[in-house]
Each structure stands twice: as structure tokens, then as C-alpha cells.
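In what follows, a structure is listed as C-alpha cells, so that the remarks can point back to it.
The values are calculated or read from the model by the stated rules, or taken from the named source; none is laboratory data. Quantities reported herein were computed from a predicted structural model and do not represent experimental measurements. Heads up, the Cβs are rebuilt from the backbone with ideal geometry, glycines too, and the neighbour counts pull from every protein chain shown.
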Amino acid sequence: MIRLENQLHLQNQPAAGALCVLGSSLLFAIMGALVKEASASLGNDTIVFFRNFYALIFILPLIFYRSSGGVKTKIFRLHLLRSCAGLGAMYCFFYAISQMHLAEAVLLSFTAPLFIPMIAYFWLGESVSYRVTGSIFIGFLGVLLIIKPGTGLFQPVAFLGLASGIFVATAMVTIRRMSASEPPARIVFYFSFLATLFSGIPMLRSPQFPRGETGWVLVFMGLTAVGGQILVTKGYSLGAAAQVGPFGYGVVIFSAIIARIFWGESLDLLTCAGAFLICIAGILTAYRSGA
């Protein structure tokens, strides 16, 4: 009986992980919408700082209440690299959100799975199969359809959205290196702490202190960011990336719905085709990598 219960528990874990990742997708979509709303009155430096500042405030009680081993670490250099990569992704992504359609910026940021195998190959020495290479090629065809180089619809800011995907991929590979010795809560803490510290420096050039409705937008932005990070971390702890990762693309659908409702944004046919290729390529890459 106990063995049967354990088997059922293990079978339910991937499903629970998928729900966690899908929930994180909704929270990240809401966060992106809040960033777009805040960008109407605040500079990018201010938005990035307060996103990290409020996230740090929300995560601190969880760290000291639940984290085993506290925040002491022997691999601070990897936390530093992860934080710099994550912060770079945030600056690029938030600026892209302010200048592009929300769903398009999200799509370009979600090219990270296409870059992860390449970074893991050069850094960790992980092999990349021909099938994974084919999936990556499909994904980049999707990127070309979204960026539309050589046409009147081309936006140079799209390359910042793509850069955010590269930074995210670097951060994810770094987390993979740390995961053997670092609990998720400690990784989230160091990222929130270092990102707050570093993002405070450029904000000092032209400090803005939002109040009223805009202030609350930033508070909820930090809250949804932390909630999304916790859910996605929990999701990947319950199931393999190949099982739960595809549900992360729900953020594209949620973002498109939110953008349509609040800003009347719609995607053209080329962008929709590119979105389809990127999502398919990301899912195939996860499965074929055996993640």
C-alpha cells in the first residue's frame, strides 16, 4: 500500500509542477503588464530598481524562515554572474516592453531556450544533438518573422528583446551550475539582493520616487515577480524541464490577452507565425535535450 501511494505521488508531481509553471506564467504576464503601465511615467532605471527592491522585501521573510543553511555560500562568484545576467536581461526586457507590443517583447525574451544549449555547450561541455540543432534553427526562423529585418515594420529595439533572451539563458545555465549545492531560496535571495544593489547605482543619476497609483503598480510588480519566481522554481523541482517547461510559454498567451484588453494591441500574421515557431522550437529543444 505504501509503495502504491508513493508511485501515485510521483506520478502526480509532474502535473503539479506543470500547474506551478502555468501559474508563474500568469504572474509574469501580469508583471510585464505592470512594467508597461509604469513605463508611461517612469524611466527604465527606476522601474528596474523598484522591481528588485520590492522583490527583496517580499523574499527576505521567506529566506530567514524557510531557507536551510541561511545565506552563507561558497560560490559567491556564480551568484554574482547569475545576478549580472539576470539584471542585464531585466534592463533589456523592460525597455523592450516600453517600446514594443507586450506579447512581442515577451516572445523575444522567451528565446532563452534556444540559447541555453549553445551556452551549456561552450561553458559546461554539454553535447548538442543534431535534433536540438534543428529545433534551434526553427526557433531562429521564428525570431526573423518577429523582427522582420529589411521591412518597414522592423524595429531596432527588437534586438534588445532578443538580448534579454541571451541574458536569461546565461542566468539559467548558471543556476544549473549552482543547483547541486544551493537551495532555490538562497539563489533567489542573492539575485534580489545584488540586483537591488547594482540597479540602485544608475537610478541615482536621475532619482524618481513614485507615489500614489504608480507607487502601488511598482509594489504589485515586485510581488508578482517574487510569486512567479517561487512558482517556477517549485514547478521545476516537481518535474523535469521537458515535462513542465512547455507550460512556461503560457506567458505569451496571457500577455497577448492582457495587451489586447488594456492597450488594444494585436499581433500581425508574421508575428503569430514566429510565435508558433519559437514556442514549438523551445518545447522541442527541452524534450530533445533530455532536460
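Consider the stretch 196-213 and keep the residues that are of a type outside the set (Asp, Glu), assigned to a helix (DSSP H, G or I) and surrounded by fewer than 18 Cβ atoms within 10 Å (Cβ to Cβ). The one that is modelled with the lowest pLDDT is GLY212. For the stretch 118-131, the criterion of a residue being hydroxyl-bearing (Ser, Thr, Tyr), under 20 Å from the mean Cα position of the chain (by Cα) and within 23 Å of LEU284 (Cβ to Cβ) is satisfied by no position.
Restricting the search to the stretch 177-195, which residues are in contact with a helix residue (DSSP H, G or I) (Cβ under 7 Å, 6 or more places away or on another chain) and either buried (at least 20 other Cβ atoms within 10 Å of the Cβ) or hydrophobic (A, V, I, L, M, F, W, C) (or both)? MET178, ALA185, ILE187, VAL188, PHE189, TYR190, PHE191, SER192, PHE193, LEU194, ALA195, listed by residue number.
Would you check if there is a residue in the stretch 43-54 being assigned to a helix (DSSP H, G or I), of a type in the set (D, E, K, R), at pLDDT below 95 and touching a Lys or Arg at 6+ places or on another chain (Cβ under 8 Å)? Yes.
Within the option set ALA103, ALA112, being more than 12 Å from PHE167 (Cα to Cα) and either without any contact (Cβ under 8 Å) to a residue 12 or more places away in the chain or under 14 Å from the mean Cα position of the chain (by Cα) (or both) holds for one residue only, ALA103. The sole residue among ALA242, ALA225 that is small (Gly, Ala, Ser), over 22 Å from LEU145 (Cβ atoms), at pLDDT below 85 and assigned to a helix (DSSP H, G or I) is ALA242. From the list VAL226, VAL219, the one residue that fits, being more than 20 Å from ALA171 (Cα to Cα) and of a type in the set (A, V, I, L, M), is VAL219. For the stretch 251-282, taking the residues that are among the small types (Gly, Ala, Ser), modelled with pLDDT of 85 or more and assigned to a helix (DSSP H, G or I), the one that is surrounded by the fewest Cβ atoms within 10 Å (Cβ to Cβ) is identified as ALA273.
Listed here are the residues, each with its yes/no results for (1) of a type in the set (Val, Ile, Thr); (2) farther than 30 Å from GLU37 by Cα; (3) in contact (Cβ under 8 Å) with a residue 12 or more places away in the chain; (4) in contact with a Ser or Thr (Cβ under 8 Å, 6 or more places away or on another chain).
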| residue | (1), (2), (3), (4) |
| --- | --- |
| ILE97 | yes, no, yes, yes |
| TYR121 | no, yes, no, yes |
| GLY125 | no, yes, no, no |
| ILE138 | yes, yes, yes, no |
| ILE147 | yes, no, yes, no |
| GLY161 | no, no, yes, yes |
| GLY165 | no, no, yes, yes |
| SER179 | no, yes, no, no |
| TYR190 | no, no, yes, yes |
